[in-house]
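The structure appears below as structure tokens.
The values are calculated or read from the model by the stated rules, or taken from the named source; none is laboratory data. All figures in this text were calculated on a predicted structure; none of them were measured in a lab. No Cβ is skipped: glycine too gets one built from the backbone with ideal geometry, and neighbour counts run over all protein chains shown. The area values use the complete protein model at the heavy-atom level, side chains included, leaving out ligands, DNA and RNA. Shrake-Rupley method; radii C 1.70, N 1.55, O 1.52, S 1.80 Å.
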Amino acid sequence: IPLIEKTEKTKNYEIVYFTFESDRKGAVPVILVRPKIKNIKAVVCYQHGIGEEYRKEYFLEESKILAENGIASLIIDAPFKRKGESWIENGGIKDAEIFENNCVEWLQLINILPKLKVFSTNLFFVGQSYGARVAAFMPYLDNRFKKIIILSGIYNYSEWIQTTMVNQITELRKTITPQNFKTYINSIAPYDASLYLKKKNDVEFYFQA
């Protein structure tokens with residue numbers, strides 16, 4: 001059941017801030033941008049990436065433009081943005097758990113769309129960076145998604161995280177033991193986008209670098 005925190009109204013759409021209880025852990029913060037029309041053309045699900053500048057508000061301005069054109073948007077804070085969740089906890093990186101939780105929460109959210117007065121069978125998913133991994137995975141969990149847009153995604157994350165020279169990741173590699181790092185790689189490898197983008201499906205995929 002969604003718990004509405006506040007609603008901002010404009011002439012053509014409403015911005016609804018709410019939370020719902022995750023099946024995995026805690027409350028999930030969401031922004032819904034809902035056009036004030038009876039027949040909503042589509043619903044776009046947005047998942048942001050990793051970094052200080054990324055949070056659910058990252059896609060808000062874009063969502064307002066879509067709402068002016070009859071399209072609703074859902075944006076949620078990724079699990080690592082909530083209540084001090086960390087990439088490293090107790091000597092190990094929790095990326096696989098974070099990823100799994102995130103995917104489950106999206107499935108929960110689209111199931112409660114009727115309670116949010118959003119009725120549309122046109123479901124699209126947009127994922128950026130970390131969110132691109134979620135986007136690549138979602139249509140294999142639920143066939144209601146019609147189109148997937150992947151922004152700046154990493155094709156083989158388990159390989160990338162072992163070789164990249166990005167400062168944030170090189171620092172992570174220094175702080176974890178070799179055994180824990182190996183365990184971490186084994187835990188995330190099954191979720192590489194490379195495994196799922198090769199599978200046959202009827203979904204339209206779009207890529208932006």
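Assorted remarks:
- Taking the criterion of being open to solvent by less than 40 Å² (accessible area, probe 1.4 Å) and without any contact (Cβ under 8 Å) to a residue 40 or more places away in the chain, the only residue of segment 193-209 that qualifies is S194.
- Residues being surrounded by fewer than 16 Cβ atoms within 10 Å (Cβ to Cβ) and more than 20 Å from N102 (Cα to Cα) - total across segment 1-13: 9
- Residue in segment 81-94 that is closer than 17 Å to S194 by Cα, touching a Phe, Trp or Tyr at 6+ places or on another chain (Cβ under 9 Å) and of a type in the set (D, E, K, R) present: no
- Screening R144, R173 for residues that are at pLDDT below 90, touching a helix residue (DSSP H, G or I) at 6+ places or on another chain (Cβ under 8 Å) and either open to solvent by 10 Å² or more (accessible area, probe 1.4 Å) or of a type in the set (A, V, I, L, M) (or both) leaves exactly one candidate, R173.
- Number of the exception - V16 against (1) in contact with a Lys or Arg (Cβ under 6 Å, 6 or more places away or on another chain); (2) assigned to a strand (DSSP E or B); (3) open to solvent by less than 30 Å² (accessible area, probe 1.4 Å): (1)
- None of K83, K64, K38, K115 is modelled with pLDDT under 95, open to solvent by 20 Å² or more (accessible area, probe 1.4 Å) and assigned to a helix (DSSP H, G or I) except K115.
- V33 passes every criterion in (1) touching a residue at least 60 places away in the same chain (Cβ under 8 Å); (2) over 30 Å from V166 (Cα atoms); (3) open to solvent by less than 20 Å² (accessible area, probe 1.4 Å); (4) not hydroxyl-bearing (S, T, Y) apart from (1).
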